[in-house]
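Every number in this text was worked out from the coordinates using simple rules, so none of it is lab data. It should be emphasised that the depicted structure is a prediction, and the values quoted were computed from it without experimental measurement. Heads up, the Cβs are rebuilt from the backbone with ideal geometry, glycines too, and the neighbour counts pull from every protein chain shown.
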Amino acid sequence: MKYIGHLVAFITVAIWGSTFVFTKMLLINGLSPAQIFTLRFLIAYILLLAFELIIKRQSFRLFSQSWRDEFIMFLLGILGGSLYFLTENAAMLFTTATNTSLIVCSCPLFAMLLIALVYRKTEHFTGIQIMGSVLACLGMAVVVINGRFVLHLSPVGDLLAFGACLCWAFYSLIIKPISERYSSLFITRKVFFYGLLTILPYYLLYPGFPSFEVIFRSDVLWNLLFLSVVASMICFIAWNWVLYKLGTVTATNWVYFNPITTILFAWWLLNEQITIWFLLGSVMILIGMYLSEKHD
């Protein structure tokens, strides 16, 4: 079962690494990052709600078992939804894509630190595990920088990217206990709902939404459906299941693979070159992830 968890994690991260192509197409067609996020989560939520109503008519529940759990779902919707996507996309306006990738993809290290602090009585990491996670993080940096190191500091952009990094780290932390009481299907539906709910204030500051004519244009609709059904609904369900099966640290270490899959898709679809730095960084990530799994 553990190997299945790793396979699902790999496929999920690979799909997330491909989303830049589909998001880019939507941006070219005039949609803003907030509009893309809203449409992604709205379509995914409607489909997921309909699926649960049909499949789980007798056991379907709209709310959590307690208001405390419902508040945790609310936090997950903010951390894994609206706030994460807004801070990550806003960071790109102030700093480089390299800076954003480096900071956001370092979230496994922060997740490990948070878990060590919060669950210090039950979670213990060996020196080999810590070394493995650091090596994987360095490998991710080698892949992202790709032999072109340019120091570009932007306090606002880098802080926003760090905010997105912390959002995902806290999301991974908070979901740990709640996933023992609820299915990944239920948690994902709540994340989508509260992600949509908490993005609404953004439209008070920046009103406007694409027309139906734009949304139902074929090149827009197909990209939206992929991002909604595959990259959002299916991948969030899979990822929440992976977090439960593999544990937060092991699962989030797969985030280091995100730049690898992004570059592979760029090579496949955009004819970008594979460099020696990419290969070196990929090997470092693989070795680092292997070491982070060793418990003695």
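Per-peptide packing, taken as the mean over residues of other Cβ atoms within 10 Å, places 212-223, 4-15, 248-259, 33-44 in the sequence 248-259, 33-44, 4-15, 212-223 from highest down.
At an R0 of 30 angstrom, the distance between the Cβ atoms of Arg68 and Val156 translates into a FRET efficiency of 0.30. Under the simplified labelling scheme, the Val230-Leu27 pair shows an inter-label distance of 2.0 nm, with each label point 7 Å from Cα along Cα→Cβ. With the convex hull of the Cα atoms taken as the outline of the stretch 164-272, the averaged projected area works out to 9.0 nm². Against the compact-protein benchmark of 2.2 N^0.38 Å, the Cα-based radius of gyration of the stretch 171-235 scales to 1.43. The protection proxy used here, the mean number of other Cβ atoms lying within 10 Å of each residue, ranks peptides 170-182, 234-246, 198-210 as follows, highest first: 234-246, 170-182, 198-210.
Each part reduced to its alpha carbon centroid, the stretch 177-191 and the stretch 1-64 end up 14 Å apart. Kirkwood's formula applied to the C-alpha pairs of the stretch 39-84 gives a hydrodynamic radius of 12.0 angstrom.
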